[in-house]
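Written below as structure tokens is the structure these notes are about.
The values are calculated or read from the model by the stated rules, or taken from the named source; none is laboratory data. A quick note: this is a predicted structure, and the numbers were derived from the prediction, not measured. Using ideal geometry, Cβ is built from the backbone for each residue, glycine included, and neighbour counts are taken over all protein chains shown.
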Amino acid sequence: MPATLKTLTPETELYPIRTVASLTGVNPVTLRAWERRHGLIKPVRTPKGHRLYTNEDIDLIHRILALLDRGMAIGQVRPALEKPSTTTKPATAETPDPWTGYRDEMIAGIARFDEERLENIFNEALSLYPTDLVTRRLLLPLLEELGQRWETAEGSVAEEHFFGVYLRNKLGARFHHRARGNTGPRIMVACLPGEQHEIGMLLFALAAHDRGYRLILLGANTPLVNLPVAIKHAQADALILSGSIDPEPPMLENDLPPLVADAGVPVFIGGRTSVAYRDTIVRAGAQPLGGDIEQGLKRLAKLVSASH
């Protein structure tokens, strides 16, 4: 039987769902789904029905996250928690992780230009798993797989445009409706000149927002020459440039060094461009973040905090 306000001691610390979401990175919709659909968490209820969580609940959420991060499906978590001594085996062909199924379903939806199917799958994943995990295990591998599909002509340009518009709209809506009130460093995020694909930029921006950064989002194909003035007016603490294509040769060698010199704040470049042109970026005085969002955010946090 779950605890009630009457059975708790006066010393028990209780946290509302929004605070727990901030502490764990699991959004309130997912926390409620874990409670209702899977019986994983049993928060305390106030007389008005509001959920309150204890420190033990927060520890439990972190244990659940660890299991999910190892590839376990949400439906397998409760038995694993009830038998903590049982070693969690990695997913196999007989018991695949949930992400393979999600990716296959989304690719099938893209091939049929079926937006409703995409919407149902994506929303289900977001309701059951934390946003960071959906990004790492579903969206990024899916984009890589689709890129290979389109390069080998197995897919089509129409598919690429269809999914690009769908995902940009989804991520843009999430960014637009994000909670305000962050107090972390203010970062300006934009795409490199010639870069029309905003997906990587949006995924990075949403992950940065979840970590408390304040964001100024400029979008695709941003000229470098005007950025120092924009940085000054916005009082930004760092500039992040996203790129997934081969830039025009003069840009990194001729245009990036003056930007770094005039910006007055650390300049970072992320995405595939930062991997392929790492040495050129370093020579220009900028910092390459690579293509991994989580590792890029760790590097950003270290260097931005060191510059203050």
Count, please, the residues in segment 120-150 that happen to be among the hydrophobic types (A, V, I, L, M, F, W, C) and either in the same structural domain as Gly75 (by TED's automatic domain parsing) or under 20 Å from Glu35 (Cβ atoms) (or both).
-> 5
Out of the residues in segment 163-175 that are farther than 16 Å from Asn27 by Cβ and hydrophobic (A, V, I, L, M, F, W, C), which is surrounded by the most Cβ atoms within 10 Å (Cβ to Cβ)?
-> Phe163
Got at least one residue in segment 151-162 being surrounded by 13 or more Cβ atoms within 10 Å (Cβ to Cβ) and under 27 Å from Val26 (Cβ atoms)?
-> no
Which residues, taken from segment 176-199, are surrounded by 15 or more Cβ atoms within 10 Å (Cβ to Cβ), at pLDDT below 90 and either of a type in the set (Phe, Trp, Tyr) or over 17 Å from Ala234 (Cα atoms) (or both)?
-> His197
Unique residue being more than 30 Å from Gly164 (Cα to Cα) and modelled with pLDDT of 90 or more when the list is Thr54, Thr86, Thr100 = Thr54
Counting only helices (runs of 4 or more DSSP H) entirely within segment 226-308, those with at least 3 residues that are in contact with a Phe, Trp or Tyr (Cβ under 8 Å, 6 or more places away or on another chain) and surrounded by 18 or more Cβ atoms within 10 Å (Cβ to Cβ) are 293-307
Yes or no: Gly243 touching a Gly at 6+ places or on another chain (Cβ under 8 Å) and at pLDDT 90 or above?
-> yes
What single numbered condition from (1) modelled with pLDDT of 90 or more; (2) surrounded by 13 or more Cβ atoms within 10 Å (Cβ to Cβ) fails to hold for Ala91?
-> (1)
Taking only pairs six or more apart or across chains, which ones have beta-carbon atoms under 7 Å, a first residue in segment 46-75 that is assigned by TED's automatic domain parsing to the domain that holds Thr30, and a second residue that is in a loop (DSSP other than H, G, I, E, B) and loosely packed, with under 12 Cβ neighbours inside 10 Å?
-> Thr54/Glu13; Asn55/Glu13; Gly71/Pro90
Among the residues of segment 217-240, how many are in contact with a Lys or Arg (Cβ under 8 Å, 6 or more places away or on another chain) and more than 18 Å from Ala286 (Cβ to Cβ)?
-> 2
